[in-house]
Amino acid sequence: MEMAKQETYDIMAVCLLAGKIMLQSGAETYRVEDTMMRIASSFGAYQSHPYVTPTGILFSVEGNEPTKTKLIRIVERTTDLEKVAQVNGISRRISAGEFTIEEAYKELKKIGESGSPYSLWIHVLAAAVSSGCFLIMFQGEWRDFFPAFITGGLGFLSLLYFHQLVPIKFFSEFSASLLIGLQALFFVSTGIGGELDKIIIGSVMPLVPGLLITNAVRDLMAGHLISGLAKGADAFLTAFAIGAGIAVIFSFF
Amino acid sequence: MTIVEQIITSFIASAAFVIIFNGPKRSLFHCGLVGMIGWMFYFLLETNGVDMVLATVIASFTIAIASQYFAKKYKTPVIIYSVAGIIPLVPGGIAYNAMRSFVENDYNLAINLAAKAFMISGSIAIGLVFSEVINQIIRKSKLKTIVNKTH
């Protein structure tokens, strides 16, 4: 009896860790719930009920003993698709019966503690390159490529820096887009850049909440109304922060 | 010339976005491909006079199908591919112009543009959902044929 009880708790720990990593890395709600249920049932807990919201996970397992329920809080959310893919892979292997409970826990722990697969400078470079490319995609001139490259890169770097300084998303996004506006204004007024609008639109793209929008819609359609609305609100707030930052530039100049 | 330019930049931009989102290295190429396919559908339709909203629906539908194909083939979550494809379609330019009009006190134009941005976001969603529905129908109909065979 005591053994079985402990095992149920161990299964729950594995499921919750997997769910936590996925949710923090930006997976869709239905995927998190599905993964948790799959892991639980492949370890023998056939009756489980995960309830996932963007800010916390409730997980309950029914068995012969009284039902056990655990709650964990999710505070920090980032985007790390590599981790989503990795946990997904682990869950597949658990379903195939390749892991014991302890092994699975250890593997998941390793994934949770691993850092980003790319260094900071690769991130900034990617943001810079994509800003330049978006400028061309939105019918900008090639001579504006360089200003958009610099503006987008520095804007993204400042987003990361401000977020470290004050961990309030709205503030860091607002400041980053303010800086992007200032830089674009500088490039245009010195004659290096041509079209102010195009440069700003291109450079703002790395800040755009594309993942959140897609996730919000998928959650809503899958019937996860609370998660969908919460993510939609998050996306709207981000869009508003970016817009407000740019708006400040326009109202002054 | 513009088409070559668009193909190359949309590929690079989508792949670069996956790097920003910490996507798996081995799927970078495929994500770039998905983004490129979606953007080319949108771009060609839009430049040939198709309405922006309809062009977005078709493009996002194509993106969703391509992402589901890659997700099945490489056994990775579908979101990795669909996000890369969706990003270029997000109406950043229109939302920007709407914001600008608001600040410049041109509310008529601002509301106009904001409504358009909202419509386009909605059509991205519709395209994604359509393909999801079709995917499920195909899966279920397959299941039925299997059941019928075994009986």
Answer in debye to the nearest 20: the dipole magnitude of the stretch A:2-113 about its Cα centre, from +1 Lys/Arg and -1 Asp/Glu charges placed on Cβ, is 220
Whole-Å distance linking the alpha carbon centroid of the stretch A:9-68 with that of the stretch A:214-236 is 20
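Grab the other residues whose beta carbon is less than 11 angstrom from that of A:GLY115, score K and R as +1, D and E as -1, and report the net.
Overall, the nearby charge balance is -2.
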Quick one: putting +1 on the C-beta of Lys and Arg, -1 on the C-beta of Asp and Glu, what dipole do you get for chain B around its Cα centre, in Debye to the nearest 20? 1160
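Ignoring everything except DSSP H segments at least 4 long, calculate the 222 nm mean residue ellipticity for chain A; use -39,500 (n - 2.57) per segment, divide by total residues, nearest 500.
Computed mean residue ellipticity for chain A: -23000 deg cm²/dmol.
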Is the stretch A:2-113 rounded, prolate or oblate when judged by the Cα gyration tensor, a ≥ b ≥ c being the square roots of its eigenvalues, rounded requiring a/c under 1.5 and prolate requiring a/b larger than b/c? oblate
Where does each of A:THR190, B:THR56, B:THR76 land when they are ranked from fewest to most other beta-carbon atoms within 10 angstrom? A:THR190, B:THR76, B:THR56
Most exposed first, judged by fewest Cβ atoms within 10 angstrom, B:VAL4, B:VAL53 run B:VAL4, B:VAL53
Which helices, taking whole DSSP H runs in chain B, have alpha carbons extending 15 angstrom or more along the helix axis plus mean Kyte-Doolittle at least 1.6? B:2-20
What net charge is computed for the residues neighbouring A:GLN183, neighbours being all others with C-beta under 15 Å from the C-beta of A:GLN183, Lys and Arg scored +1, Asp and Glu -1? -2
If you add up the charges near A:SER203, with Lys and Arg at +1 and Asp and Glu at -1, over every other residue whose beta carbon is less than 13 angstrom from its beta carbon, what do you get? -2
Partner shielding of A:72-79, as the mean number of partner chain Cβ atoms within 10 Å, equals 1
Choice from A:PHE174, A:PHE138, A:PHE162 showing the highest fluctuation, given a GNM over chain A with Cα pairs closer than 10 Å: A:PHE138
Given labels modelled 7 Å from the Cα in the Cβ direction, how far is it in nm from B:ARG26 to A:LYS5? 4.4
List residues of the stretch A:77-99, by number, whose backbone nitrogen lies under 12 Å from a label position 7 Å along Cα→C-beta of A:LYS110. A:90
Given the candidates A:THR29, A:ALA241, A:PHE145, the one whose Cα lies deepest towards the positive end of the charge dipole of chain A, counting +1 at each Lys or Arg C-beta and -1 at each Asp or Glu C-beta, is A:ALA241
Which of A:SER119, A:ILE57, A:VAL129 sits farthest toward the positive end of the charge dipole of the stretch A:1-156, with +1 on the Cβ of Lys and Arg and -1 on the Cβ of Asp and Glu? A:VAL129
Relative contact order for chain A: what percent, with Cα pairs under 8 Å and sequence separation of 6 or more? 17
Under the definition of partner shielding as Cβ atoms of other protein chains within 10 Å of a residue Cβ, what is the mean value for peptide A:121-134? 5
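Treating only the Cβ atoms of Lys and Arg (+1) and Asp and Glu (-1) as charged, compute the dipole magnitude of chain A about its Cα centre; round to the nearest 20 debye.
Charge dipole of chain A: 120 debye, to the nearest 20.
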In degrees, nearest 10, the alpha-carbon axis of helix A:210-221 is tilted away from the dominant principal axis of the alpha carbons of chain A by 40
State which entries of A:LYS70/A:LYS231; A:LYS5/A:LYS70; A:LYS70/B:LYS72 exceed 21 angstrom in Cα-Cα distance in the structure shown. A:LYS70/A:LYS231; A:LYS70/B:LYS72
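Each reported figure results from applying straightforward, stated rules to the coordinates on display, with no laboratory input. Computed from a predicted model, the values in this text were never measured in an experiment. So basically every Cβ, Gly included, is an ideal-geometry build from the backbone, and we count neighbours across all protein chains shown.
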